Amino acid sequence: MTTPPSLSSRRGIRLAALAVAAAGTVTVSACGYGIQDLPVGRSAGAGAFDVEVQLPSADGIVLGADVRYGQQIVGRVASLSTATTGANLQVSLQRELEVPSNVLVSVEIPSALGSPYLRLVTPVDAASDRLSDGDVIAVENTDLGPRVETMLAALGNVVSGSGMDQLATVVDELNVAFTGRSDRVQSLADTATDLMTRAIDQQTAFDEAMTLAADVTRRMADEEQAMDTYLANTAGAVDVLVAQRDSISALLDSTTRLAGNVQALTGAVPQGTAGFLIDAETVASTLQAFNDRMGSTLVAMNAFMDAFGRSVRGDYLVFDGALEIPESIDTVLTGGYFTGTPPEPSPTSLQDLLGGGNR
């Protein structure tokens, strides 16, 4: 059985403990350290690896701040130091953590009264290699999230400098505008509601129109080369038309003169265009009348020319025949001079001319 120490012995032990504590406090105070400098909560555990994070600013970040990946705490901020680009953070991460080497780092706050922490975010184009001990996350891959003081400053700017002090004036003017016009305002509201209802009913048509417009735009983009070629060819065609301007002008002048001559000729005929058509009908009927005789005459003429071609140079050929020409054609060709009779008076119409003249 152990004998308990006496009262004097217990007092000696307490004095020794107080002396050791006082000596420790004096030593810490002499070196300029505090409780926050104690290396407690800065390591991610046994086997952790360290990486360097470069930030443009590290305001609000304290030693031992969390490093989160998703909803899990995977590391701590081990040390802070300044740099020309801002601040460098030495971060201790858990050994089993596997993130790509080009991981993104964002500084966020959990609430308005919380301390900032680091969040690891996997980029869209994640690298195949993993983040390992000694790697550096450059400032280009970091982002500073919104801070409370920044949001409060922006809110104060909106409240004080955005014209909200004129809100009372706006309300007063609206009251003046609406006073005594409630029925018109209600009608305007009803009209706006009706328009919105119709727009909602036609939403499918609007969607189809937008789809068609997008399709046309896509096709025009696909046919850009063809459009460029068309525009280039159009410019060439315009150049050709400009070069042929004098010829086109002369053609238009000739067409104008032709139209004038046709108009003058038509005006000289009593029946106008109808008279030309009657004369054309008369010519067609007359030609049809002697078409058969003309055919037989041409057959006989071809036989004679064939026999004439088979003759020998020096032969004597006797030709006995008569070429019968219709009296109407004779009158047209000779005017009656070869018939042995004096010429008759000129016919007064084309029908009389083709009929053999006046009788």
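The numbers here are math on the coordinates, done by the rules we state, and not lab data. All of these numbers come straight from a predicted model, not from anything done at the bench. Every residue, glycine as well, gets a Cβ built from its backbone with ideal geometry; the counts of neighbours run over all protein chains shown.
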Percent RCO, i.e. relative contact order, over segment 39-150, from Cα pairs under 8 Å lying at least 6 residues apart = 32
Using every pair of alpha-carbon atoms in segment 39-150, split the distances into 5 Å bins beginning at 0 and state the percent of pairs per bin, rounded to integers.
-> 2, 13, 24, 27, 20, 10, 3, 0
Ranked list, fewest to most other Cβ atoms within 10 Å of each Cβ, for 178, 49 | 178, 49
Under 5 Å from the placed amide H of residue 79, counting only residues 5+ away or on other chains, we find 90
How high is the FRET efficiency between residue 264 and residue 285 when r is their beta carbon distance and R₀ equals 30 Å, given to the nearest 0.05?
-> 0.60
Compute the length gained on full extension between residue 209 and residue 80: take 0.36 nm times their separation in residues and subtract their Cα-Cα distance, giving the result in nm to one decimal.
-> 40.6 nm
Mind listing the long-range amide H neighbours of residue 144? Cut-off is under 5 Å, sequence gap 5 or more, other chains count too, H placed in the peptide plane at 1.01 Å from N.
-> 107
Using alpha carbon centroids, what distance separates segment 81-96 and segment 197-218, in Å?
-> 53
Residue order, fewest to most beta carbons within 10 Å, for 130, 76, 310 = 310, 130, 76
Given the Cα-Cα distance of residue 115 and residue 230 and 0.36 nm per residue of separation, how much length would full extension add, in nm?
-> 34.9 nm
Read phi for every residue in segment 298-305 and hand back ³J(HN,Hα) as whole Hz from Karplus 6.51 cos²θ - 1.76 cosθ + 1.60, θ = phi - 60°, with x for Gly and Pro.
-> 5, 5, 4, 5, 5, 5, 5, 5
Spin-label model distance (nm) - residue 184 vs residue 198, 7 Å beyond Cα toward Cβ = 2.2
Please give the net charge around residue 214, taking every other residue with its beta carbon less than 12 angstrom from that of residue 214, where Lys and Arg add +1 and Asp and Glu add -1.
-> -1
Length gained when the stretch residue 253-residue 46 is fully extended (0.36 nm per residue, less Cα-Cα span) | 64.2 nm
